[in-house]
Amino acid sequence: MTAALNAGQTLSLICHGRLHDQIVKPRILTYRKLNFYRRQNPTFDQFVICSTANNISKGLRLRLHPDHARIEIVRSQNDDFHKILSMLPRQLANRDEIAGSIFLALTDGTLQRDQVQLRLPEFIRAQNAMFPINYAKFGDSRLVSLDEVVFEDGSATRGDTVSRGLWD
């Protein structure tokens, strides 16, 4: 219940599973149980009041100005993406991919907004494991430069030892 209210769901969606008079998901609990629990716990009642304070104005904005509401949602999502980018170190080569995977986890519901900072190293490790920088694409050996000298006392490079192959 608390997680649903933190996610911005309305009481109608929580107690009936309805969104704009259409049933979209099963209800979490009934109004009767919610009201009973609110009477027993005044702190939870204050939380419900605070989290549902502007739900009516959100609904009116969605019904009366759907284009403005959609633009507002897109702007907030873009703002989230830029906030995630600002959390990542600038020297990372694949910042956009990491931010995209974090944003995908946010939209999937596998990651909450308050967990992003804590789980940031996990996403960086996963991206580095998927696309290693220091290792060859196939195998576990380190990448080496063809301009590197083969022997310390010689001038022959690795590029000098590469043969043309079968198509000569």
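The values are calculated or read from the model by the stated rules, or taken from the named source; none is laboratory data. What you see is a predicted model; the values in this text were computed from it and never measured. Backbone-built Cβ (ideal geometry, glycine too); neighbour counts: all protein chains shown.
Per-structure values
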quantity: Some residue of region 18-32 being on the phi > 0 side of the Ramachandran plot, exposed (fewer than 12 other Cβ atoms within 10 Å of the Cβ) and not acidic (Asp, Glu); calculated: yes
quantity: Extreme residue, nearest to residue 92 (Cα to Cα), among residues of region 125-150 that are at pLDDT below 70 and not in a loop (DSSP other than H, G, I, E, B); calculated: 135
